[in-house]
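Undergrad: The structure is given below, and queries will be raised subsequently.
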Amino acid sequence: MVLLYDHTKPLYISIDNSHGGSDPNAVIVMQPDGVYWNIIDYIEYNSTPEDSAWFLK
């Protein structure tokens, strides 16, 4: 299922940092829709903490 961006609703971006662990980092773009959150887009990536700091600048 593809959810499109709704320009009438607030847009939130969340970061789940693995802090150098074995699980991937994630960046999630989402919008609230009543009691649910619609995930508009996301990316998962593996990197060192130093790489993540550069990516998030």
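Undergrad: Does any residue of the range 17-26 turn out to be under 14 Å from the mean Cα position of the chain (by Cα) and modelled with pLDDT of 90 or more?
TA: Start the filter on the range 17-26 by keeping residues that are under 14 Å from the mean Cα position of the chain (by Cα), which leaves 17-18, 24-26.
In the following step, the residues that additionally are modelled with pLDDT of 90 or more were identified as none.
No, the range 17-26 contains no residue that is under 14 Å from the mean Cα position of the chain (by Cα) and modelled with pLDDT of 90 or more.
Undergrad: Restricting to the range 22-45, name every residue that is of a type in the set (S, T, N, Q) and either closer than 28 Å to Thr8 by Cβ or exposed (fewer than 12 other Cβ atoms within 10 Å of the Cβ) (or both).
TA: So the first thing to find is which residues in the range 22-45 are of a type in the set (S, T, N, Q), and the list is 22, 25, 31, 38.
Within the range 22-45, Ser22, Gln31, Asn38 meet the criteria.
The values are calculated or read from the model by the stated rules, or taken from the named source; none is laboratory data. Remember, predicted model here, so these are calculated numbers, not experimental data. Backbone-built Cβ (ideal geometry, glycine too); neighbour counts: all protein chains shown.
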